[in-house]
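Novice: Have a look at the structure that comes next, please.
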């Protein structure tokens, strides 16, 4: 029998199934995500690369200018020890912060208990150093600045006068970092970590034009309308420098008090610290002022906090009877330069060199600075966070050779050594204000800490027991450190300064008053016994005629350094990148 043929019919497909569609979509989405991630990666790399190039270019501009201007400094790094003054000056002030400060000190400002004691971001370095010097312009490219028109026309001084440009072959140049502020002048610190949110680097150029003193509009120019009617060492000159890009000094009377006149400086005038930009003389009672010192603001709150390791805050001296901070002079050891000296108003930003600055750090080469090989085979020096712990580790492992260090690094309140002795200058573990330098054993040979620029008295043979014994005599004679009769430090501004010998022949009395244990002040009411260090008589019967002890004053540090290093660090806030570059100023003359 014939079987019927079995015919199979097939339905023709006209599309994908749902499963196939889902698989295809998933693959497509994965490919798109990978492509987007690749583009994002490339975009991030391009952004980072552009940010890196931008930072490099900004830093190169700053450091190139610094290197060029320092190469044309009018003086060497030789401090004046009694000879003729150099034509101009070089000054480096060391603030209480160091590159290790933000790692050492905890954040005790925040209310959240869990966050207390945590280190502040280490992207911040040393921010409160100050550099100033006199320089000569290269041929054909003189320094340029602005002055009120009446300075050149002979017209009477009036407020809001039009500004005109002038030039000079010589200038006083100043570099410093300062925090950005709100409309009330308060440092902006939105994250409340004790450090400013933004810091800018500034450069002031003040023209040296003593020839302008021949014009009646400069000679005897009154404080009004440029300055308050009442002469004051602490105010007024900032207002003048807001208007004039001139290196100006205030007049002083026969007693050494400020008068109602200002004069244009010469290079010779600027060798004397009281004629320089931002220098003031703080009143100490009715009869004395300080020697010329920088007009600084109070220290950053970070420096008054307790360090991460629990040691007491060392910025201010401690009352030994209560173990609490006493009231200390505002400028005892401040941070930034007073904001009044940064150009404001219509000229705001004219002196701005770099924004988003994270460090402006000056260090001096100390050929005898102590370095130590720890038990972990790490070499630790005065700029390292672990320096204090390394000193207490053992009596061996010392390495000779020296290096760049912060000036007076043993005394630096925010530095790795946490200060010295009654600052609390004692490095005791209990946090008491005792006079024992190290309670931990083994002790450190004091000879290892007596380097040229450590700030420790190089003549001491044992651990200093009083503040008066801790600092070099030259630092006291400069007036940069003042200690009262309770051995409490009431003023401290370490600086390297080429200085002057003019105070030995100025007819004024600079000395340590009976009410202070150490530190030279300027007497404004008498000239009795003045200038014994240059009168040709052996007044004290010690060490011969006009010896160091007979001198009224001295440069803060008398050793000549081989070099000074200036480091600038910047951050790109968008990419969080950090870069820094350094300039080394060597004294080869």
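The values are calculated or read from the model by the stated rules, or taken from the named source; none is laboratory data. This structure is a prediction, so every number in the text was calculated from the model and none was measured. Quick reminder, even Gly has a Cβ in these numbers, built from the backbone with ideal geometry, and neighbours come from all protein chains shown.
Novice: If you check 558, 553, 575, which single one turns out to be over 18 Å from residue 81 (Cα atoms), outside any helix (DSSP H, G or I) and either modelled with pLDDT of 90 or more or touching a helix residue (DSSP H, G or I) at 6+ places or on another chain (Cβ under 9 Å) (or both)?
Specialist: 575
For (1) touching a helix residue (DSSP H, G or I) at 6+ places or on another chain (Cβ under 8 Å); (2) crowded, with 16+ Cβ neighbours inside 10 Å; (3) closer than 15 Å to residue 407 by Cβ; (4) at pLDDT 85 or above, each residue gets a yes or a no:
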position	(1), (2), (3), (4)
358	no, yes, no, yes
363	no, yes, yes, yes
368	no, yes, yes, yes
373	no, yes, no, yes
379	no, no, no, yes
383	no, yes, yes, yes
390	no, yes, no, no
394	no, no, no, no
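Novice: Within the group 449, 475, which residue is modelled with pLDDT of 85 or more and buried (at least 20 other Cβ atoms within 10 Å of the Cβ)?
Specialist: 475
Novice: Taking the condition buried (at least 17 other Cβ atoms within 10 Å of the Cβ), modelled with pLDDT of 90 or more and outside any loop (DSSP other than H, G, I, E, B), does residue 78 pass?
Specialist: no
Novice: Separate question: On the given criteria, is residue 403 touching a strand residue (DSSP E or B) at 6+ places or on another chain (Cβ under 9 Å), within 18 Å of residue 386 (Cβ to Cβ) and either modelled with pLDDT under 50 or buried (at least 24 other Cβ atoms within 10 Å of the Cβ) (or both)?
Specialist: Judged against the criteria, residue 403 is not a match.
Novice: Can you confirm whether segment 510-530 contains a residue that is closer than 22 Å to residue 296 by Cα, part of a strand (DSSP E or B), at pLDDT below 85 and in contact with a strand residue (DSSP E or B) (Cβ under 7 Å, 6 or more places away or on another chain)?
Specialist: Yes: one or more hits.
Novice: Taking the criterion of being touching a helix residue (DSSP H, G or I) at 6+ places or on another chain (Cβ under 7 Å), assigned to a loop (DSSP other than H, G, I, E, B) and either modelled with pLDDT under 95 or surrounded by 15 or more Cβ atoms within 10 Å (Cβ to Cβ) (or both), would at least one residue in segment 99-116 satisfy it?
Specialist: Yes; the residues of segment 99-116 include at least one that is touching a helix residue (DSSP H, G or I) at 6+ places or on another chain (Cβ under 7 Å), assigned to a loop (DSSP other than H, G, I, E, B) and either modelled with pLDDT under 95 or surrounded by 15 or more Cβ atoms within 10 Å (Cβ to Cβ) (or both).
Novice: Give the residues of segment 356-400 that are assigned to a loop (DSSP other than H, G, I, E, B) and within 26 Å of the chain's Cα centre (by Cα), sorted by residue number.
Specialist: 356, 367, 368, 369, 370, 381, 382, 383, 384, 385, 386
Yes or no, residue by residue, for (1) in contact (Cβ under 8 Å) with a residue 60 or more places away in the chain; (2) closer than 19 Å to residue 241 by Cα; (3) in contact with a strand residue (DSSP E or B) (Cβ under 9 Å, 6 or more places away or on another chain):
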position: 133; (1), (2), (3): yes, yes, yes
position: 142; (1), (2), (3): no, no, yes
position: 146; (1), (2), (3): yes, yes, yes
position: 167; (1), (2), (3): no, yes, yes
position: 174; (1), (2), (3): yes, yes, yes
position: 193; (1), (2), (3): yes, no, no
position: 198; (1), (2), (3): yes, no, yes
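Novice: Related question: Given the options 46, 27, 19, name the one that is closer than 30 Å to residue 579 by Cβ and either at pLDDT 75 or above or not in a helix (DSSP H, G or I) (or both).
Specialist: One residue alone meets the criteria, 46.
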